[in-house]
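Step one of this worksheet: look at the structure below.
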Amino acid sequence: MSILNRWLSGALGIWRSKRDEHLRWHLARQPDVAALREARALAEQALVAQLKKQARHLAHELAMRETRHNNELAMLKIQCKQDLKDYQQYLQSLEKLKLSLRENFSHLPEAVAFTIHHHAKQLLNRMWDEQDPRQKLKMEMQLLEFMAAVHEDSIGSLNAAEPVSLPQKTLAFIDNGS
């Protein structure tokens, strides 16, 4: 059995030397593995800290935008209320214009007064709906010119020696397609 004994002893020796070599390799690499574990833990901590910082920054930015949005919304609501009030005042003014026409031109057919009133409302609505500031100003000027023509006709009717049957400047303004 000596051959078997030698063979087992040799195999056991090889196994022990491999195990010892493996153990030496692990012991030699243990500082590197520990350094890698520590570096990984530090990197994870740094990443968590960076993510928390970014989360705080994003939360702050979101709060700022929400506040700005709420302020803009409140201002827009106020502006819309004022615009609505202005529009209502315009409509009341146009209604007074129609009544003034009917008073100053007693023989004026009711349909003509309504047509003039309707044309003024169309000019107002086109002005109101216009988004381009230059076009809006142009429409506003047309409405003002129209109102001035109506006013001139009314003043002319009051100052005329004979009753005037039709507001000529106003009808000419409408006829010109303005």
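Can you check what the net charge comes to around residue 13, using other residues whose Cβ is under 13 Å from the Cβ of residue 13 (Lys, Arg +1; Asp, Glu -1)? Don't skip to the answer; put the middle values down first.
Details: positive: 6, 16, 18, 19; negative: 20, 21.
So the environment of residue 13 carries a net charge of +2.
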Once Lys and Arg get +1 and Asp and Glu get -1 on their Cβ, which of 64, 94, 114 lies farthest toward the positive end of the dipole of the range 34-178?
-> 64
Accessible-area order (highest first, 1.4 angstrom probe) of the listed residues 73, 158 | 158, 73
In a Gaussian network model of the chain with springs linking alpha carbons closer than 10 Å, the residue among 110, 38, 21 that fluctuates most is 21
Cross-link partners among lysines for residue 136, C-alpha distance below 22 Å, same-chain residues fewer than 8 apart left out?
-> 77, 81, 85, 121
Helix 110-129 versus the longest principal axis of the chain: what is the Cα-based angle in degrees, 0 to 90, to the nearest 10?
-> 20
Dipole magnitude (debye, nearest 20) for the chain, charges at Cβ of Lys, Arg, Asp, Glu = 2220
Give the dimensionless ratio obtained when the Cα radius of gyration of the range 1-133 is divided by 2.2 N^0.38 Å.
-> 3.22
Kindly provide the helix-only [θ] at 222 nm of the chain, computed as the sum of -39,500 (n - 2.57) over DSSP H runs of four or more divided by all residues, to the nearest 500 deg cm²/dmol?
-> -33000 deg cm²/dmol
Spin-label pair residue 9/residue 136, simplified geometry with 7 Å Cα→Cβ offset, distance in nm = 10.7
Take every Cα pair under 8 Å in the range 2-176 that's 6+ residues apart, average their separations, divide by the length, and report that relative contact order as a whole percent.
-> 17
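The values are calculated or read from the model by the stated rules, or taken from the named source; none is laboratory data. Every value quoted in this text rests on a predicted model; they were computed, and no experiment measured them. Because the Cβ atoms are built from the backbone with ideal geometry, glycine has one as well, and the counts that use them run over all protein chains shown. SASA here: full protein model, heavy atoms, side chains in, ligands and nucleic acids out. Shrake-Rupley method; radii C 1.70, N 1.55, O 1.52, S 1.80 Å.
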